[in-house]
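Structure first, commentary second.
The values are calculated or read from the model by the stated rules, or taken from the named source; none is laboratory data. Note that the structure is predicted; figures quoted are calculated from it, not measured. Cβ placement follows ideal geometry from the backbone for every residue including glycine, while neighbour counts extend to all protein chains displayed.
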Amino acid sequence: MTDVVVIGAGQAGLSSAYFLARAGFEPDEGYVVLDGDRAPGGAWQHRWPSLRMETVNGIFDLPGMAFDPPSAQERASLAVPRYFAEYEKHFQLAVRRPVTVRAVRSGPDERLLVESDTGTWAARAVINATGTWTRPFWPYYPGRETFAGRQLHAVTYPGPEQFAGRRVVVVGGGITALQLLTELARAGAATTWVTRRPPVFRDQPFTREYGREVVAMVDQRVRAGLVPQSVVGVTGLPVDETVRAARRAGTLDRLPMFDRITPGGVAWDAPAPGAPHAVEADVIIWCTGWRAALDHLAPLHLRAPGGGIVMDGTQVVLEPRLHLVGYGPSASTVGANRAGREAVRAIGRLLATNVPASLAA
């Protein structure tokens, strides 16, 4: 028995745990954080080894403890988990791991049952902060099973070294594709970039006002019960000197999405004038994003006709005891912090708990 269960200990989960502790919820009886990983760090501990701090697309401080920037060349998969571990220890957050949550369902006494591989928690409220890393998205294209080369999703990308001298097709129009293309080209791979839509590069600075506009657009979709659009997908691709150099070198010249996969590469049925009918490839890397890891919430039947979950802020409209943090408009580092605070305020009202004025404002 506990008041609040937080599922996940990434940025969103740790932010929520911090604000729960600030609001007076005691470890175990007041709240518990269940994390499926064996060590602190959330998805960051699984990032590809070539992702360095200088190329990370934004790290925002967890609430109450600044992130002391490490060396620009340090692996993100080491630096960020170290910060998360120090954060958990400093605030003595009630994190239990490894715990795999299998289902959340309605229980007796107006509680939600959080069922896991180590037991069941009966909670008065649940904050879900499971992110997306465990649900990589692989779109299907005809002939995928016939490809004679290697296919992998960015989630298991091992770094560029083993692709030197190989012909690599990178699929996807996001920041991950951009990072992989630039480092693969530097490592000596022959790259081809393929996207469904022409990429949009944003040379202007990302201002606070523009950030609010972006979050509002994503929030509008979530409130309508549609599948949330990623924040990065709305903002466009940030441009730095590495990207400018790659554009000058032709690394970021893109082709429209192919129609089918062949044993030796990819092919178009009706290519644009001057474009190839086919590209030979040894490797296809799918940088096609992730989907929200929410399968364990299926027993609550939350999906709207549009495929998403109707939200009011962080609160699920069909299940007010449940909050989704790191979902939709809060699926960013700064957004996750704000959403954690918002969720705790709402839970305080739901449970008639006196929330400190600093959180209630």
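At-a-glance table
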{"read-out": "Those residues of region 110-126 which are in contact with a strand residue (DSSP E or B) (Cβ under 7 Å, 6 or more places away or on another chain), surrounded by fewer than 18 Cβ atoms within 10 Å (Cβ to Cβ) and outside any strand (DSSP E or B), in sequence order", "value": "ASP117"}
{"read-out": "Enumeration of residues in region 134-193 that are out of contact with any helix residue (DSSP H, G or I) (no Cβ under 7 Å at 6 or more places or on another chain), within 30 Å of ALA9 (Cα to Cα) and small (Gly, Ala, Ser)", "value": "GLY159, GLY172, GLY173, ALA177"}
{"read-out": "Those residues of region 249-285 which are within 19 Å of PRO199 (Cβ to Cβ) and under 28 Å from the mean Cα position of the chain (by Cα), in sequence order", "value": "THR251, LEU252, ASP253, ARG254, LEU255, PRO256, MET257, PHE258, ILE284, ILE285"}
{"read-out": "Yes/no for THR176 being modelled with pLDDT of 95 or more and either among the polar types (S, T, N, Q) or not in a strand (DSSP E or B) (or both)", "value": "no"}
{"read-out": "Search result, residues across region 263-300 that are assigned to a strand (DSSP E or B) and modelled with pLDDT of 95 or more", "value": "GLY265, VAL266, ALA267, ALA278, VAL279, GLU280, VAL283, ILE284, ILE285, TRP286"}
{"read-out": "Qualifying positions in region 161-198 - under 15 Å from SER50 (Cα atoms), in contact (Cβ under 8 Å) with a residue 60 or more places away in the chain and polar (S, T, N, Q)", "value": "THR176, GLN179, THR182"}
{"read-out": "Single condition LYS89 does not satisfy, out of (1) over 21 Å from the mean Cα position of the chain (by Cα); (2) of a type outside the set (Ser, Thr, Tyr); (3) surrounded by 14 or more Cβ atoms within 10 Å (Cβ to Cβ)", "value": "(3)"}
{"read-out": "Any hit, region 145-165, residues being outside any helix (DSSP H, G or I) and closer than 30 Å to VAL114 by Cβ", "value": "yes"}
{"read-out": "Test for THR146: is it in contact (Cβ under 8 Å) with a residue 60 or more places away in the chain, within 30 Å of LEU181 (Cβ to Cβ), surrounded by 20 or more Cβ atoms within 10 Å (Cβ to Cβ) and polar (S, T, N, Q)", "value": "no"}
